[in-house]
Amino acid sequence: MEKLLNEQVVSQVRQAFAQMKEPVQLLFFASRENCEYCAEIRQLLDELAAVEDKLGLTVYDLQDNADVAAQFNVDKSPVIVIAAKDGDQVVNYGVQYAGIPSGHEFSVLINDILFVSGRDSGLSESARDFLKRLEKPLHLQVFVTPTCPHCPRAVLLAHQMAMENPVMIRAEGVEATEFPDLADQFNVRGVPQTVINAGRGMVVGAVPEANLIAEIQRALN
């Protein structure tokens with residue numbers, strides 16, 4: 001079978017993964033039905049996991065493993081959950097990517113792995129304080145396409161926010177062309193577009209941390 005990642009990319013990934021501190025577990029939720037990219041995503045994740053011992057991979061079926069899907073708040077497929085591995089425990093950080101992380105989005109997956117491995121969101125103190133004190137659930141869906149150069153910044157910011165309070169926050173990157181019904185539901189016309197709590201708030205474009213926090217505050221109130 002032909003590899004998806006050539007030697008040059010594998011070498012770059014190996015360099016990036018040399019920064020990994022703690023183990024990371026990728027959970028891939030596939031589906032037997034209507035899953036155009038499941039085989040490619042599975043192969044991509046297998047190739048990534050082969051690069052670094054600190055990176056593990058478990059593959060689930062959305063229907064057969066509905067209990068695990070519910071535990072990690074996965075409600076569609078294909079979805080990759082980037083979780084922490086702590087001994088035998090897999091710890092949910094609320095970081096998800098729906099669709100194939102190709103094009104510019106490949107960098108999101110690599111950076112997610114590094115963030116989760118470092119167990120640190122890298123956000124400002126004020127953002128951390130606000131997110132840790134959240135008492136209402138927060139669901140961030142960042143709609144992206146593989147050809148959009150500004151999309152990775154928006155997805156990573158949402159994922160960094162989830163890391164601060166995974167009990168209350170779930171952040172998904174959503175590949176808009178793979179989930180057209182969802183994109184239509186939220187009237188996504190340009191990417192990146194961040195949808196807050198099913199449309200209670202909305203941010204178009206890759207915005208600074210403070211701007212997204214302000215819109216989250218508005219949406220939660």
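Ranking Q12, T177, M161 by how far each Cα lies toward the positive end of the dipole of the chain (charges on Cβ) leaves M161 at the top. Comparing V116, V195, V90, which has the greatest mean-square fluctuation in the GNM of the chain with Cα pairs linked when under 10 Å apart? Per the Cα network of the chain with a 10 Å cutoff, V90 tops the list. So, counting K/R as plus one and D/E as minus one, what does the shell of residues with Cβ under 12 Å around H104 add up to? Combined, the nearby Lys, Arg, Asp and Glu give -1.
Is the shape of the chain best called rounded, prolate or oblate, per the rule: a/c under 1.5 gives rounded, else a/b larger than b/c gives prolate, else oblate, with a ≥ b ≥ c the square roots of the Cα gyration tensor eigenvalues?
Here the chain falls in the rounded category.
Pairwise alpha-carbon distances in the range 90-164 exceed 19 Å for 35% of all pairs.
Among residues other than D61 with Cβ under 11 Å from its Cβ, the summed charge is -1 (Lys and Arg +1, Asp and Glu -1). Note on the range 125-220: Rg/Rh from Cα positions, Kirkwood definition for Rh, rounded to two decimals, is 0.95.
Is the shape of the range 7-110 best called rounded, prolate or oblate, per the rule: a/c under 1.5 gives rounded, else a/b larger than b/c gives prolate, else oblate, with a ≥ b ≥ c the square roots of the Cα gyration tensor eigenvalues? Here the range 7-110 falls in the oblate category. In the chain, the calculated helix contribution to ellipticity at 222 nm averages -11000 deg cm²/dmol per residue, counting -39,500 (n - 2.57) for every DSSP H run with n ≥ 4. When the inverse distances between all different Cα atoms of the range 49-103 are averaged and flipped, the Kirkwood radius reads 12.3 angstrom. In degrees from 0 to 90, rounded to the nearest 10, what is the angle of the helix 7-17 Cα long axis to the longest principal axis of the chain? For 7-17 against the chain, the angle is about 50 degrees. Relative contact order, whole percent, for the range 114-169 stands at 50, derived from Cα pairs under 8 Å and 6 or more residues apart. Summary value for the chain: 18 percent relative contact order, contacts being C-alpha pairs under 8 angstrom separated by 6+ residues. Expressed as a whole percent, the proportion of Cα-Cα pairs in the range 1-45 lying more than 13 Å apart is 67%. Taking GluC sites (Glu not before Pro) across the range 124-221, the ones in a DSSP loop with at most 14 further Cβ atoms lying within 10 angstrom of their Cβ are E135.
With angles folded into 0 to 90 degrees, how steeply does helix 38-49 sit against the dominant principal axis of the chain? Use alpha carbons for both and round to 10. Tilt of helix 38-49: around 80 degrees. Relative to the Cα centre, the charge distribution of the range 1-125, modelled as +1 at Lys and Arg Cβ and -1 at Asp and Glu Cβ, gives a dipole magnitude of about 200 debye. If only the Cβ of Lys and Arg carry +1 and only the Cβ of Asp and Glu carry -1, the dipole of the chain around its Cα centre is close to 680 debye. Angle of helix 151-164 to the longest C-alpha principal axis of the chain, folded into 0 to 90 degrees and rounded to 10: 80°.
Across D120, D88, D129, mean-square fluctuation computed from a Gaussian network of the chain (C-alpha pairs under 10 Å connected) peaks at D88. Expressed to the nearest 5 percent, the antiparallel share of DSSP beta bridges inside the chain is 55 percent. Dividing the mean sequence gap of close Cα pairs (under 8 Å, 6+ apart) by how many residues the range 125-220 holds gives a relative contact order of 32 percent.
Can you find, among A69, A127, N92, the residue farthest towards the positive end of the dipole of the range 35-178? Put +1 on the C-beta of Lys and Arg, -1 on that of Asp and Glu. The residue sitting farthest along the positive end of the dipole is A127.
About the centre of its Cα atoms, the range 125-220 shows a dipole size close to 240 debye [charges on the beta carbon of Lys, Arg (+1) and Asp, Glu (-1) only; nearest 20 debye].
Values quoted throughout were computed directly from the atomic coordinates according to the rules given, and no laboratory measurement underlies them. These numbers come from a predicted model, not from an experiment. As a convention, Cβ positions derive from the backbone with ideal geometry for all residues, glycine included, and neighbour counts pool all protein chains shown.
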